[in-house]
Amino acid sequence: MTQRTTWPGFVLLVIQPEAFYRKDPILAYARKTDGWTEVARQTVVWTPERARALLSPEPAETTTPAPDDEVHNEQHVAALCEGRSEIVVLRRATPPVEMVFLSNEEATPLEQTSATDWKRWLELCGPVDPAEARALAPRSLRALFGVDKAHCGVWTSRDVTQITSDLAKCFHDATEVERIYERVRVVGEQVAGGGSAAKSYLSSTVLETLTTALSRLCMAQPAQPLEWLGAYLQEAASLQGHARLPPRLVFVLGGPGAGKGTQCARLVAEFGFWHVSAGDLLRAEIQTQSEQGQLIDEMIRQGAIVPGHITLELLRKKLVDAGSTLAVPGVLIDGFPRALDQAIDFECLLRRADFCLFFECSEAEMERRLLQRSRSSGRTDDNPESIRKRFRTFIETTMPVIEFLERRMRVHRIPAERSVDEVYAQVRQLFL
Ligand code: ADP
Ligand code: C5P
Ligand code: MG
């Protein structure tokens, strides 16, 4: 049987508190993977009542919920209330039309496109349980950004027929809801009109970015709209544009004292690469005496990993600088990614690195080198206590990154206990 329902032309995404600080990578990923573009967004802190209203099934749907479902629902409510969430309305460049389920033969091409949009959206979100998502749909949002069933990273409407009522539960202000519909409609018309060659060129290139830019412009209503738009587009281009990144990106990893910085210096001298050390960027940030700098200072002393979004933002700026300098053949990204979230977010926000060097060295040798370095480095973490903590962080948090990267790119394991020259003789072969 064919079932018809109105495709509202958009989807709703709630980036839950556990993934809130990763909202930029999540949205960049949705845009890159499938062209989902934001139409509106709002930061909220859910109250239990509002969260319950969003997560509970509509009365019409309810039979008697299974006790397990109720327990899970309450856990999910609690998870939603743990901090800030980002509500985002997203659309792909297809106009709102009646949507057809089950029988595709009767559907017009436009209807089929919209049904495909919803199917693709569900695929992008993945199964609700992140563990299941990691097994069945490893590239889905829940697989990449979810933690457990309640902290599943992102929430979205369970059914296409619920999107409209969910929107009202997310945006209480009726005027804002009206504005969202208007924006969705305008984008739909833009796409529906115009010659098909022009349409397909625009939708495959700049349409999503321009649409987002114009919606943001209307929200911000700055005094100098053109200037604002120019700055926004430049920023968006640097965030998205692969062309603006340097041609080669190489991760350089290894335990503390394994010789990453030393080998990078050699590569810079011979091949003219840029060397960007995440540790150096963080140490420079401490010098700015900002509040963020104080946090970084403490974490480095403790041998802990600084929250990934801080490091990634510092790194992103450097890479964009490198990308706009034409002579740079590539960048050696030293000491990053040190944790799984850093690896995933880097790829979502920028692009996959080309390969990874991994220097393998025993703890005894690394400790010997670090204690020797401490005589001249002036580093607050080159002392026996911090070194012990850094080793532990390396084993527990960074080693899983190596396994993750090995499934995504070539990881060259380099024995690093030998002399600097011997190690370099092997390293340079990879760049010839
Ligand atoms: P990382 O950046 O991996 O923490 P560094 O490159 O700063 O490590 O090296 C740590 C210390 O060990 C430095 O003092 C460096 O001169 C020394 N060193 C680096 N590579 C070697 C090596 N192959 N043999 C002996 N000492 C080394
Ligand atoms: O790489 P380096 O040894 O210079 O890093 C020093 C410290 O900086 C690490 O021990 C860690 O506290 C912090 N760091 C981080 N995240 C990174 C790189 C470094 O938190 N990606
Ligand atoms: Mg170093």
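The values are calculated or read from the model by the stated rules, or taken from the named source; none is laboratory data. Keep in mind the model is a prediction, meaning the values are calculated, not measured. Neighbour counts are summed over all protein chains in view; Cβ atoms, including those assigned to glycine, are modelled from backbone coordinates with ideal geometry.
Out of all the residues in region 326-352, which are part of a loop (DSSP other than H, G, I, E, B) and touching a residue at least 12 places away in the same chain (Cβ under 8 Å)?
The answer is 327, 328, 329, 330, 335, 336, 337, 338, 339, 350, 351, 352.
When only residues in region 290-312 that are part of a helix (DSSP H, G or I) and aliphatic (A, V, I, L, M) count, which is nearest to the chain's Cα centre (by Cα)?
312
Modelled with pLDDT under 85 and over 21 Å from residue 349 (Cα atoms), is that true of residue 9?
So residue 9 passes the test.
May I ask you to say which residue of 326, 332, 340 is touching a Cys at 6+ places or on another chain (Cβ under 6 Å), more than 10 Å from ligand 2 (Cβ to nearest atom) and closer than 26 Å to residue 427 by Cβ?
Selected residue: 332, the only one of 326, 332, 340 that is touching a Cys at 6+ places or on another chain (Cβ under 6 Å), more than 10 Å from ligand 2 (Cβ to nearest atom) and closer than 26 Å to residue 427 by Cβ.
Check region 278-289 and report whether any residue there is without any contact (Cβ under 8 Å) to a residue 60 or more places away in the chain, out of contact with any Cys (no Cβ under 8 Å at 6 or more places or on another chain), assigned to a loop (DSSP other than H, G, I, E, B) and away from ligand 2 (no atom under 16 Å from the Cβ).
yes
Can you tell me how many residues in region 343-362 are within 16 Å of ligand 3 (Cβ to nearest atom) and more than 22 Å from residue 431 (Cα to Cα)?
Matching residues across region 343-362 total 0.
If residue 274 satisfies all but one of (1) more than 13 Å from ligand 2 (Cβ to nearest atom); (2) within 15 Å of residue 381 (Cβ to Cβ), what's the number of the condition it fails?
Result: residue 274 fails condition (2) only.
Let's see how each residue does on (1) among the hydrophobic types (A, V, I, L, M, F, W, C); (2) more than 11 Å from ligand 1 (Cβ to nearest atom):
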position	(1), (2)
339	yes, yes
346	yes, yes
385	no, yes
398	no, yes
411	yes, yes
417	no, no
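Any residue that is surrounded by 18 or more Cβ atoms within 10 Å (Cβ to Cβ), under 24 Å from the mean Cα position of the chain (by Cα) and within 16 Å of ligand 3 (Cβ to nearest atom) - is there at least one of those in region 259-269?
no
Taking the condition within 30 Å of residue 247 (Cβ to Cβ), exposed (fewer than 14 other Cβ atoms within 10 Å of the Cβ) and away from ligand 2 (no atom under 13 Å from the Cβ), does residue 384 pass?
Against the criterion (within 30 Å of residue 247 (Cβ to Cβ), exposed (fewer than 14 other Cβ atoms within 10 Å of the Cβ) and away from ligand 2 (no atom under 13 Å from the Cβ)), residue 384 does not qualify.
So, in region 268-295, of the ones that are in contact with a Lys or Arg (Cβ under 9 Å, 6 or more places away or on another chain) and among the hydrophobic types (A, V, I, L, M, F, W, C), which residue ends up nearest to residue 336 (Cα to Cα)?
Among those residues, the one meeting the criterion is 278.
What number goes with the only condition from (1) within 14 Å of ligand 1 (Cβ to nearest atom); (2) within 30 Å of residue 244 (Cβ to Cβ) that residue 352 does not pass?
Evaluating residue 352 over (1) within 14 Å of ligand 1 (Cβ to nearest atom); (2) within 30 Å of residue 244 (Cβ to Cβ) leaves (1) as the failure.
If you go through region 362-414 one residue at a time, how many are among the basic types (Lys, Arg), out of contact with any Pro (no Cβ under 7 Å at 6 or more places or on another chain) and either closer than 18 Å to residue 261 by Cβ or not in a helix (DSSP H, G or I) (or both)?
So the answer is 9.
Quick check, is residue 365 surrounded by 12 or more Cβ atoms within 10 Å (Cβ to Cβ), at pLDDT 95 or above and not polar (S, T, N, Q)?
When the stated conditions are applied, residue 365 passes them.
Find all pairs meeting these conditions: Cβ atoms under 6 angstrom apart; at least six residues apart or on different chains; first residue within region 374-395 and in contact (Cβ under 8 Å) with a residue 24 or more places away in the chain; second residue acidic (Asp, Glu).
387/367; 391/363
Condition check: more than 16 Å from ligand 1 (Cβ to nearest atom) and either in contact with an Asp or Glu (Cβ under 6 Å, 6 or more places away or on another chain) or under 22 Å from residue 255 (Cβ atoms) (or both). Does residue 300 satisfy that?
No; evaluated as a whole, the condition is false for this residue.
Could you say whether any residue in region 170-179 is modelled with pLDDT of 65 or more and among the aliphatic types (A, V, I, L, M)?
Among the residues of region 170-179, at least one is modelled with pLDDT of 65 or more and among the aliphatic types (A, V, I, L, M), which makes the answer yes.
Considering only residues that are within 18 Å of residue 333 (Cβ to Cβ) and within 16 Å of ligand 3 (Cβ to nearest atom), which ones fall in region 363-408?
Selection gives 394, 398.
For the condition under 22 Å from residue 357 (Cα atoms), among the basic types (Lys, Arg) and at pLDDT 95 or above, what is the one hit in 392, 407, 388?
None of the other options fit; the residue is 392.
Hey, can you tell me all the residues within region 12-39 that are in a strand (DSSP E or B) and either out of contact with any helix residue (DSSP H, G or I) (no Cβ under 7 Å at 6 or more places or on another chain) or at pLDDT 95 or above (or both)?
Matches in region 12-39: 12, 13, 14, 15.
Could you check residue 295 against (1) surrounded by fewer than 17 Cβ atoms within 10 Å (Cβ to Cβ); (2) under 30 Å from residue 143 (Cβ atoms); (3) within 16 Å of ligand 1 (Cβ to nearest atom) and say which number it fails?
Unmet for residue 295, out of (1) surrounded by fewer than 17 Cβ atoms within 10 Å (Cβ to Cβ); (2) under 30 Å from residue 143 (Cβ atoms); (3) within 16 Å of ligand 1 (Cβ to nearest atom): (3).
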